[in-house]
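Engineer: Below are the C-alpha cells for one structure; questions will follow.
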Amino acid sequence: MKNDRPLPLDEKTSFKLSKVKQANTSTELKVRSCLHKLGFRFRIRNKGLPGSPDIANRRKKWAIFINGCFWHHHEGCKLATLPKNNKEFWLAKFKRNKERDIDVVNKLRSMGFNVLTVWQCETNNGYMLSLKLTSFLSGHH
Ligand SMILES: [Zn+2]
C-alpha cells in the first residue's frame, strides 16, 4: 500500500512523536501497577492472541488494550491531534488503526474474552483508573 512507505518527517514532528512513544510506555506502566495493587494477575504483550493485547489473562479470559490517544485517534480527545504535514497520510493511518482495533476486539470477543480499552488520557487519574479496572474485572479474580 502506498501509504505504508516511510514517513518524510520533519525534525519537530519526529521529536513530538518520540515523546508520544514515551507517554505510551508510562501509560502502560500505570495500568500495570494499578492492576498489581488490585491483586490481578496477567501477562503482558500477548503475542498469541489477536492484536497482541497489552495485558491479558488467557485462563480468566480477559484482555486489555492500552491505546495511545494520538495513534488510535481517540475521538473528542485533545491528545488526538492531526499533524499539519501529510494530513491525508495520517487520516488514512488513523482510520486503519481504528478498523484494526474494532476487528481485533471482535475476534477476541468471539473467543469468549472480555475486552477493555484503556485510553492514555484515562490513566492520569489513578482513582478513576482503578474504578474502571475494578468494574471491568469484577468476577474475574
Ligand atoms: Zn484520550
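The values are calculated or read from the model by the stated rules, or taken from the named source; none is laboratory data. It should be emphasised that the depicted structure is a prediction, and the values quoted were computed from it without experimental measurement. Here Cβ is always computed from backbone atoms with ideal geometry, including for glycine, and neighbour counts include all displayed protein chains.
Engineer: Please determine whether any residue of segment 104-113 is touching an Asp or Glu at 6+ places or on another chain (Cβ under 9 Å), of a type outside the set (V, I, T) and modelled with pLDDT of 95 or more.
Structural biologist: no
Engineer: Listed residues A92, A63; which is touching a residue at least 40 places away in the same chain (Cβ under 8 Å), more than 16 Å from the ligand (Cβ to nearest atom) and either loosely packed, with under 15 Cβ neighbours inside 10 Å or under 24 Å from G39 (Cβ atoms) (or both)?
Structural biologist: On the way: A92 fails: either loosely packed, with under 15 Cβ neighbours inside 10 Å or under 24 Å from G39 (Cβ atoms) (or both).
Just one listed residue meets the conditions, A63.
Engineer: When you go through T117, T25 one by one, which is the residue that is of a type in the set (V, I, T) and modelled with pLDDT under 95?
Structural biologist: Only one candidate passes the filter, namely T25.
Engineer: I'd like to verify a number: residues in segment 66-89 that are within 16 Å of the ligand (Cβ to nearest atom), surrounded by fewer than 16 Cβ atoms within 10 Å (Cβ to Cβ) and not hydrophobic (A, V, I, L, M, F, W, C), how many?
Structural biologist: Count: 4.
Engineer: Go through K87, K78, K98, K60 for me and flag whichever is under 30 Å from G112 (Cβ atoms) and out of contact with any Leu (no Cβ under 9 Å at 6 or more places or on another chain).
Structural biologist: Going through K87, K78, K98, K60 in turn, the sole match is K98.
Engineer: Could we say that C121 is within 13 Å of the ligand (Cβ to nearest atom), assigned to a helix (DSSP H, G or I) and not aromatic (F, W, Y) here? Spell out the reasoning first.
Structural biologist: Values: within 13 Å of the ligand (Cβ to nearest atom): yes; assigned to a helix (DSSP H, G or I): yes; not aromatic (F, W, Y): yes.
Here the answer is yes, as C121 does meet what is asked.
Engineer: Residues of segment 57-103 being hydrophobic (A, V, I, L, M, F, W, C), within 13 Å of the chain's Cα centre (by Cα) and assigned to a strand (DSSP E or B), which ones?
Structural biologist: Matches in segment 57-103: A63, I64, F65, I66.
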